[in-house]
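Participant: The structure follows.
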Amino acid sequence: MAATQSDNRKSANVDREAPGAAPTHHLSEELLLDYAAGVTDEAVGVLIATHLTLCPVCRARADQLDALGGVMMDRLTPSPLSEDAFDRLMARLDADAPGDDAPLRHDIDMRAPGGGRDGRGGDDDALMSGGGASDAVLPRVLQRYVPARVEDIDWTPIGLGVRRFDLSITGRSRATMLYVPAGRAVPQHTHEGNEYVLVLQGAFTDCCGHFGRGDVGIADSDLDHRPVAELGQDCICLAVTDGPLRLTGLLGRAFNRFVKF
Amino acid sequence: MKTTGTGNAEQETERAAADRSEPVEPGPEEHAAWMRAVAQERSKVAFARLFDHFAPRIKAYLVRSGSDMGAAEELVQEAMLIVWRRAESFDRAQASVATWMFTIARNKRIDAYRRMSRPELDPDDPALAPQPEPMQDDSVGADETAQAIRTAIADLPEEQAEMLRLAFYEDLAHSEIAEKTGLPLGTVKSRLRLAIGKMRGLVDDDLR
């Protein structure tokens, strides 16, 4: 929808043959700041990193906040290290054979396997050929928690064609993938905490507007809403809640038994 | 400013500094030059200089966010090992050295205290949405951005600066800042939003 009035502004989309418009519903300053400071739960972090993959605007905003973190750290009064700190480090460094002492997970994740930006590994090719558009639904940061191909996700039906898949994740917040057939509604509900919904495929509409791929809807406990998947394509979302979800309405109450956010 | 240093490394650093007869405190230019020397020549002298400047700041950051001294020392070691190993992946166009150091220290802290690795986007992901052209302006480097930010936060009202310190140094989410300070959550949010809005405004002015 947002794409229609943008001929003059989105020239980048034209030559890139972008599959969809850039997201128009962005991350809040609060979420981005908590993410930069490093205090978000894993579930919220996954949602943020997924949005950042799909949204160049928020990516630039997030980079600015990292730079702010750098300036903040640089302004701290230095805390002297123990006398032998540098010598100990040099000893470790001399003993440091790459591949020894397994590096942390995100040391690896930051770089493509094989260490270059030059080529994609064989795995990637396998991932990108094959089954068509749906392979591109899930950004890689999500594929750590969900099978890479949407077809391979082991969904749990929760009624009326709606399906869910819970991500196994640490922390208080919960992350769930939702599959809503085109034209169907997610049961009406409110939340005790905040709910963040990121669209990965298709689109939904609720009282706040239209949400397409990459868009993030943020709902707090005041919002009693009923998102409806738009016609045309089944809608797949990543939903993250930091408090229990409460379904309202007649149908919703029946759903409460099934949907355990 | 030299903080601590030991033995040969310090002497070499001092000697090199004297050679260049530059008494001023090293800035982003020097930091980037040291990084280049570490990446390309595996220079231990340059690495010692990076250590002198950043290690005590990383330690201060970790202590402020709740590490005890011993744990902070160990995490500093691990962070600086990453700097050594991954020096060639440092991209000056994307981040200043101080920014890069911060992200490494922050991620170390998350690993150690939250027992998780921070979910991060994969820069090689085919799903990565490209930057629209107006945002690809390479003429403004990360160092200029950092300088604009430094200027912006130097004259923030104290009440806003304090919120930033709580957010970045003390491992507190917005809601926890409200709890700790006794301020209403709305006030915490609006002060932080003002501080960041000011920063973004100045940075964008500088960049256009």
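The values are calculated or read from the model by the stated rules, or taken from the named source; none is laboratory data. Just so it is clear, the structure is predicted and the values come from calculations on it, not from any experiment. Virtual Cβ from ideal backbone geometry, glycine too; neighbours counted across all protein chains shown.
Participant: Can you tell me which residue is farthest from B:LEU62 (Cα to Cα) among those in segment B:110-130 that are among the charged types (D, E, K, R) and in contact with a helix residue (DSSP H, G or I) (Cβ under 6 Å, 6 or more places away or on another chain)? Walk me through it before giving the result.
Facilitator: As a first pass, look at segment B:110-130 and keep what is among the charged types (D, E, K, R): B:111, B:114-115, B:118, B:120, B:122, B:124-125.
Next, only the ones that are in contact with a helix residue (DSSP H, G or I) (Cβ under 6 Å, 6 or more places away or on another chain) stay: B:118, B:120, B:122, B:125.
Numbers: B:ARG118: 16, B:GLU120: 21, B:ASP122: 26, B:ASP125: 31 Å.
Among those residues, the one meeting the criterion is B:ASP125.
Participant: So how many residues does segment B:145-160 have that are closer than 11 Å to B:GLN94 by Cα and either at pLDDT below 85 or surrounded by fewer than 16 Cβ atoms within 10 Å (Cβ to Cβ) (or both)?
Facilitator: Qualifying residue count, segment B:145-160: 0.
Participant: Could you please let me know if B:ALA105 is touching a residue at least 24 places away in the same chain (Cβ under 8 Å), surrounded by fewer than 20 Cβ atoms within 10 Å (Cβ to Cβ) and under 25 Å from A:GLY45 (Cβ atoms)?
Facilitator: no
Participant: Specify which of the listed residues (A:VAL71, A:VAL57) is facing another protein chain (nearest Cβ under 7 Å), within 23 Å of A:LEU33 (Cβ to Cβ) and among the β-branched types (Val, Ile, Thr).
Facilitator: Working: A:VAL57 fails: facing another protein chain (nearest Cβ under 7 Å).
Answer to the selection: A:VAL71.
Participant: Something else: Which members of segment A:143-190 meet the condition of being at positive phi and of a type outside the set (Gly, Ala, Ser)? Please lay out each step first, then the result.
Facilitator: First pass over segment A:143-190, keeping only residues at positive phi: A:159-161, A:171, A:183.
Passing the criteria: only A:LEU160.
Participant: If you don't mind, there's one more thing I want to ask. Please name all residue pairs, on different chains or six or more residues apart, with Cβ atoms under 7 Å, provided the first residue is in segment B:178-198 and is within 11 Å of chain A (Cβ to nearest Cβ) and the second residue is of a type in the set (S, T, N, Q) and surrounded by 13 or more Cβ atoms within 10 Å (Cβ to Cβ).
Facilitator: Filtered contacts from segment B:178-198: B:LEU185/B:SER175; B:LEU194/B:GLN160; B:ALA195/B:GLN160.
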